[in-house]
Structures are given as structure tokens and as C-alpha cells.
1. Pick out, from the stretch 6-103, the helices (runs of 4 or more DSSP H) lying fully within it that include 2 or more residues that are surrounded by fewer than 22 Cβ atoms within 10 Å (Cβ to Cβ) and free of Cβ contacts under 8 Å to residues at least 60 places away in the same chain.
2. Whether any residue in the stretch 325-347 is without any contact (Cβ under 8 Å) to a residue 24 or more places away in the chain, assigned to a loop (DSSP other than H, G, I, E, B) and over 21 Å from residue 236 (Cα atoms) is what I want to check.
3. Take the residues of the stretch 195-209 that are closer than 13 Å to residue 27 by Cβ and out of contact with any strand residue (DSSP E or B) (no Cβ under 6 Å at 6 or more places or on another chain): which is surrounded by the most Cβ atoms within 10 Å (Cβ to Cβ)?
4. All but one of (1) surrounded by fewer than 21 Cβ atoms within 10 Å (Cβ to Cβ); (2) within 23 Å of the chain's Cα centre (by Cα) hold for residue 106; which doesn't?
5. Criterion first (part of a loop (DSSP other than H, G, I, E, B) and in contact with a helix residue (DSSP H, G or I) (Cβ under 9 Å, 6 or more places away or on another chain)) does residue 194 satisfy it?
6. Those residues that are assigned to a loop (DSSP other than H, G, I, E, B), buried (at least 20 other Cβ atoms within 10 Å of the Cβ) and at negative phi, I need them from the stretch 277-305; list them, please.
7. Looking only at the stretch 104-139, which residues are under 15 Å from residue 180 (Cβ atoms), outside any loop (DSSP other than H, G, I, E, B) and out of contact with any strand residue (DSSP E or B) (no Cβ under 7 Å at 6 or more places or on another chain)?
8. Sort out which residues of the stretch 254-264 are touching a strand residue (DSSP E or B) at 6+ places or on another chain (Cβ under 7 Å) and assigned to a loop (DSSP other than H, G, I, E, B), and write them in order of number.
């Protein structure tokens, strides 16, 4: 059976990108974000590749994501970025030796209800201005007192999250960093501030730990700098194929609503991919893709299972020719802009209908099998 749509993930690129991050922050340990199915790249194969490459820790959003990795025998330390939401989750997180990110006093109450013998590993998350999750900075003395009451709790460190790190000229990032530092002055424990954009654009945010996400998958988090400029390699290629090539006269309309009008007699290609695969309906006419090695524009609205493209640049195109939606040669960041979104959403929005193929990295274990999120 020939897959309609294939996402090919090169684990070697992810391993390369990890080393790029290490080069940017050589004095920091790396906690790699593999939440949301490793940003749509497959959590288990990606985690295994990162583990093989010596990553210091992994980060997921929730216990369910962590358990998928533990059940796949990933032994690298794993941090739960949203912490736990029940006593049962707290107990399981301790049993699985997970690092719990604590961001509110109600979570502390869950942990304090565990047996005194529980060996907890935790991060305290502070709100330095993102105003999403985190303890108020003024609560730091209370948190220090909590640690004094529980000498068997292991503090992994203190973290915060940057709201505007992808805007190098925005003075809010240095303000957040200064607030974080002031609140923790004289307080022991490792610090973690920088996400991908923070690592690249804000050297002062590269502390004991950095937490890259998007950069690991080969995308630039900064609008003014390309992945190639940063030596980041795109890890995912999303490909489909032409299933029809037709010719229409000038003035003929294509697709739902007749949203594209042929400006001259021209070939139109039909590609076997649509919003049921994760291709946003918001993509505008002109969105680039690559057919038989040439860039061509989207021509008409995205439908559930198909899109149509202008083939004037490749008049020799034929049924069966490959079509690249994004990947090497066509940056996901560029494509995302045509839907008014980010590469994050493209990756995470791919559906179960997409066939995944994982290419082993240079340091990854052999015997990989194609599967979404697994081997």
C-alpha cells in the first residue's frame, strides 16, 4: 500500500540540533522538550534518539506523556512541566521517579499529603511576567520554608518562562530575567530560564539548564533568522503526491467557492492531502510547495482530502510525482506564515492519517520501525 501522506523524521537531524544547542549554551545542561508527541515528530523515537545522544533530561506536559516514554523504557530524567493534578498522579510520578514542576500551592498540598518517606524530585516554577503558570516571586521565601520542612524532597531547581524571547528588541525579556534573579538572590538551587528563542537571542538567559523545543526539530524561533543561519536542520519532511493533472481555460474557477480563477490556460494538479491530514484550511492562494523539485503555489481552497496547485512552472508534471508540503528545501516556518500561524502548529496538527517514517540517527538504536510515536 502506498501512503497518501508521509512524514519522514530524520532522527539524525534532531541529534545534530541538540549539539547545536549545546554549542550555544556550553555551560548549561539540556532539558529537551518532547511534549505534544515531540512536537508531532513522534515522542518515543525522538526521546530514544535524544537519549542516545546524551541529553540530560526530557520535558513533557503531563503524566500521560511521561508514562508513554517510561513504558518504552526511556530512562532519562523526565520533568512534568504542568506538574500533577491529583494525589494519584503525585504518587505515580514519585513511583516513576519523575521530576515534578510545581507551580501553585494546591500542588504543594498534593505532595505534602504523600507519605513522609516519598522521595520527591521537584522544580519550582516562578511567574516572572508570563502570567500563565508559576508562583508569585514574593512566594520564594515560603517555598524555601517548604523545603526546610521536607528534607527528603530533592530540589532540582527553579525555573521561569519567557513571554517575548522571540523578539530580540523587546526589553521585557531582560526585565523578566532581572525579576527572576532578584527573587532568588542568595537562594541555592539550579536555575532554568531559556527556551529555544531564549537560548539563541538572550545569552543572559542561558543558566544551569536550558529547555529547547522548536530548535531541536530544526526550526528557527526567531522571525529574522532562518534555521540555516543557525545551522539547524529540519527534522521533518511532509510529502504527498499528485493524483490528477488537468488543464483549464482562462477564467475557469478551481475548488470550493471558485476561490481561484485561472488567469490563462494552465495545468492544475490535485494533491492527495487536505485538512483531514493537518493541512490548514487557512492556507492562502500562493502558499508554496514543491512538485518534482520546483516550487509551485497553492491554487484554491484546501479541502478535506485534497489541494490543488498551479503547475505552470512544471508543465511536465505527471500523476504520481512527489509533492513536498514542508521540509528540507521548503522551511516549515515559511509555509506556516501563509496560514498566519507558526511551525509549531503545523507539526502538532498532523493527524493519525499521516504515515510516519523515522530514519535512524547516527547515535540512535537500530531496528526502527515506522509508526507515529513508536517503533
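1. Correct list: 11-24, 63-71, 87-95.
2. So far as the stretch 325-347 goes, no, none of its residues is without any contact (Cβ under 8 Å) to a residue 24 or more places away in the chain, assigned to a loop (DSSP other than H, G, I, E, B) and over 21 Å from residue 236 (Cα atoms).
3. In the first step, residues of the stretch 195-209 are kept if they are closer than 13 Å to residue 27 by Cβ; the result is 199, 203-209.
Next, from what is left, pick out any that are out of contact with any strand residue (DSSP E or B) (no Cβ under 6 Å at 6 or more places or on another chain): 203-206.
Values: 203: 11, 204: 13, 205: 26, 206: 20.
The qualifying residue surrounded by the most Cβ atoms within 10 Å (Cβ to Cβ) is 205.
4. Here residue 106 meets the rest and fails (2).
5. yes
6. Passing the criteria: 277, 279, 283, 287, 299, 301, 302.
7. 138, 139
8. 255, 262
Throughout, read-outs are computed from the coordinates displayed, never taken from laboratory work. It should be emphasised that the depicted structure is a prediction, and the values quoted were computed from it without experimental measurement. Positions of Cβ are generated from backbone atoms using ideal geometry, with glycine treated the same way; all protein chains shown enter the neighbour counts.
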